[in-house]
Amino acid sequence: MDEKPQIRFDDGAAYEEFMGKKSRTAGDAFLRWLTPAAGSRWVDVGCGNGAFTEMLVERCTPLTVSGVDPSAEQIAYARQRLGSDSVRFEVGDAMALPYGAAAFDAAVMALVIFFVPDPAKSVAEMARVVRPGGSVSAYAWDILGGGFPYQVLQDEMAKLATTPLWPPSVEASRLETMRALWAEAGLTQVETTAITVERTFADFDSFWAIAQTGPRLAASIAAMPVGDRQLLSDRLRARLRADADGRITYSARANAIKGVVPS
């Protein structure tokens with residue numbers, strides 16, 4: 001069987017502009033639902049540029065936080081953003097976490113599970129490094145359910161024969177798939193929820209400028225014939241109706257799950 005490719009985002013600043021605001025809104029709702037205990041030892045798996053790690057520090061009063069990501073560039077960005085004695089970042093693989101068993105009270109994967117080539121291994125690894133009674137949780141854009149923040153862009157690109165750039169493990173974004181993964185890892189007290197968020201742009205031009213900077217999407221849009229790019233822009237403008245002040249607002253939806261490592 002061919003192995004799925006591992007997708008990495010290496011530009012922390014570009015990702016922050018493209019997805020940061022929506023990610024933080026979803027992350028805030030996720031943490032309110034998770035209701036984590038203060039004073040916990042956390043591991044943020046697939047921490048990227050440290051955006052969600054920063055939310056853990058600000059909202060959860062953790063004892064320590066470790067962030068791990070396969071991109072050295074993202075880890076460097078995260079260290080500049082958040083480095084401290086209680087927050088550590090390192091390069092590592094979600095399918096083979098560089099930590100001992102029961103090293104943490106909580107493991108979390110924020111908007112990452114569908115990028116991991118083997119999601120089952122990553123969930124099993126999170127369960128391994130969390131102590132009995134600890135929490136293993138994740139949330140992911142509901143891509144196959146139409147919840148991706150730039151779903152309308154992907155839809156219109158597909159109509160112009162540009163293949164949508166979905167991640168390799170996109171099935172892992174389904175709630176039923178998540179439940180199966182948590183059950184397979186032996187996690188108990190499993191709960192799920194859906195999180196809906198909105199993002200507003202000053203006008204269509206602001207949306208279009210940011211949409212064209214997205215990781216992977218930027219190269220795909222740039223490779224389109226000039227006429228198709230203009231047609232793409234026109235179709236998006238028609239679909240994304242502006243309000244009386246010219247602002248563009250659209251929604252996105254993420255699926256979330258949490259479970260407990262059995263004693």
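Scanning the stretch 224-263 for residues that are in contact (Cβ under 8 Å) with a residue 12 or more places away in the chain and in a loop (DSSP other than H, G, I, E, B) yields a total of 8. The residues listed here are Thr200, Thr163, Thr213; of these, the one that is modelled with pLDDT under 95, among the polar types (S, T, N, Q) and under 19 Å from Ala26 (Cα atoms) is Thr200.
Going residue by residue through the stretch 46-67, is there one that turns out to be under 30 Å from Glu176 (Cβ atoms) and β-branched (Val, Ile, Thr)? Checking the stretch 46-67: at least one residue is under 30 Å from Glu176 (Cβ atoms) and β-branched (Val, Ile, Thr). Just a yes or no: is a residue in the stretch 187-206 part of a helix (DSSP H, G or I), surrounded by fewer than 21 Cβ atoms within 10 Å (Cβ to Cβ) and touching a helix residue (DSSP H, G or I) at 6+ places or on another chain (Cβ under 8 Å)? Scanning the stretch 187-206 turns up at least one residue that is part of a helix (DSSP H, G or I), surrounded by fewer than 21 Cβ atoms within 10 Å (Cβ to Cβ) and touching a helix residue (DSSP H, G or I) at 6+ places or on another chain (Cβ under 8 Å).
When you check Gly48 against the structure, is it touching a strand residue (DSSP E or B) at 6+ places or on another chain (Cβ under 9 Å), part of a loop (DSSP other than H, G, I, E, B) and among the small types (Gly, Ala, Ser), yes or no? Yes: the conditions hold for Gly48.
Checking each residue in the stretch 73-125 for being touching a residue at least 60 places away in the same chain (Cβ under 8 Å), part of a helix (DSSP H, G or I), within 20 Å of Arg41 (Cα to Cα) and under 16 Å from the mean Cα position of the chain (by Cα) picks out Ala78, Ser122, Val123. Contact map, the stretch 140-161: first residue surrounded by 21 or more Cβ atoms within 10 Å (Cβ to Cβ), second residue in a loop (DSSP other than H, G, I, E, B) and of a type in the set (A, V, I, L, M), Cβ cut-off under 7 Å, separation 6 or more or different chains; pairs are Ala140/Leu111; Trp141/Leu111.
The values are calculated or read from the model by the stated rules, or taken from the named source; none is laboratory data. If you're wondering where the values come from, they're calculated on a predicted model, not measured in any experiment. Neighbour counts are summed over all protein chains in view; Cβ atoms, including those assigned to glycine, are modelled from backbone coordinates with ideal geometry.
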